[in-house]
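Beneath this line is the structure, given in structure tokens, with notes to follow.
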Amino acid sequence: MDILKRIKLSINAYVKNDAKASAIVSALTGKDIAEKSLFEIVSKDDLLPGIVPFLDPESCSAFSAAQKDILTSAIYFLTKGRTLFMICGPSASGKDTLASYAKQDLYLKGLNLVYCQKYTTRPRRGYEGQNEQSRNFEPSGNYKYFESIEEMEQSADCALGYSLYDCSYAFSSKHLKSESETARHLACIYGRFENMLEIKRKVLLDYNRIPLTILINADSDILEQRIYRRHLMNNDEQIRRIMEMKLQNKYISRCKDLVVSSFDLLMENGYDSPVSKGAECMTEFIEKRIKWANNAIRTNETKAAL
């Protein structure tokens, strides 16, 4: 999608979905924000500094050489080329599976993507993190488990926390802030996505990383079948997940503009889409953006040496 259209969608969708903001803007502008857009964007030149963190390689092609130079310098200044890939979607959409395949493909391409340390009060399932394959490639291979939210908050450096399925989740603040080479490009499974614009803002401003987001989904009937086939879950957990999944799918269908503006890649992972095709799509997306971010580092290191 054209970057200007995406920014417009983002701002207008935010206002329409925030009751207080909608009321204030409607009073000030005399527009019914529920029916009309807040404003039209005319020129991208004045917007360049503000949209830097949310541009992707395809969008960059629309800019001149001078604008690209400003862009890479700004990215380096804000983030030092560090990224956080946030993989979202309802339960059983295939987040962990596709992430695992993509991480293996990236490893074979010589690109290092590391899962951000994650904390949870959810019980360990099966052999999560108990063997080399799980620790290296599966998102759950780096989970640290706690008995309660109180224990988790007291014992861990929690960041970007959320609750889902009667469990609590958070990420390591130290890992997100790390400037080590091994932590340059991080990825995570993020279960809640209704407030993704705010989460992206926090990732950029609080942890100085380029937030890049992926939303995976499928029809509710397909997801429900997949949830019932998960034998490691008891019946109560399956029911909770199905109820939450249906709510999230309703949100996706009702708030299309907000969803489109919040995510850099939208993927369907139903029965008509082979897992290999989905993994290839995710791998390509992440590979391009890692190389794009790395290029910002090389460009500015070269400038500094001159």
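The values are calculated or read from the model by the stated rules, or taken from the named source; none is laboratory data. Fair warning: this is a prediction, and the values are worked out from it, not measured in the lab. Positions of Cβ are generated from backbone atoms using ideal geometry, with glycine treated the same way; all protein chains shown enter the neighbour counts.
Could you list, ordered by first residue, the pairs with Cβ atoms under 7 Å in which the first is in the range 191-204 and in the same structural domain as Phe85 (by TED's automatic domain parsing) and modelled with pLDDT of 85 or more and the second is of a type in the set (Gly, Ala, Ser) and in a helix (DSSP H, G or I), at least 6 apart or interchain?
Met196/Ser262
If Asn112 satisfies every condition in (1) over 23 Å from Asn269 (Cα atoms); (2) not in a loop (DSSP other than H, G, I, E, B) but one, which is the exception?
All conditions are met except number (2).
I'm told Glu128 meets every condition in (1) buried (at least 16 other Cβ atoms within 10 Å of the Cβ); (2) assigned by TED's automatic domain parsing to the domain that holds Ile210; (3) more than 17 Å from Leu186 (Cβ to Cβ) except one. Can you identify the failing condition by its number?
Status for Glu128: all satisfied but (2).
For the range 173-252, which helices (runs of 4 or more DSSP H) that fit wholly inside it have 1 or more residues that are among the β-branched types (Val, Ile, Thr)?
196-207, 220-228
Just to check your reading of the model, which residue among Ser220, Ser172, Ser168 is surrounded by 19 or more Cβ atoms within 10 Å (Cβ to Cβ), among the hydroxyl-bearing types (Ser, Thr, Tyr) and more than 30 Å from Leu111 (Cβ to Cβ)?
Values: Ser220 fails: surrounded by 19 or more Cβ atoms within 10 Å (Cβ to Cβ); Ser172 fails: more than 30 Å from Leu111 (Cβ to Cβ).
One residue alone meets the criteria, Ser168.
Would you check if Thr121 is touching a Phe, Trp or Tyr at 6+ places or on another chain (Cβ under 9 Å), at pLDDT below 65 and not assigned by TED's automatic domain parsing to the domain that holds Thr283?
Considered against the rule, which asks whether it is touching a Phe, Trp or Tyr at 6+ places or on another chain (Cβ under 9 Å), at pLDDT below 65 and not assigned by TED's automatic domain parsing to the domain that holds Thr283, Thr121 comes out as no.
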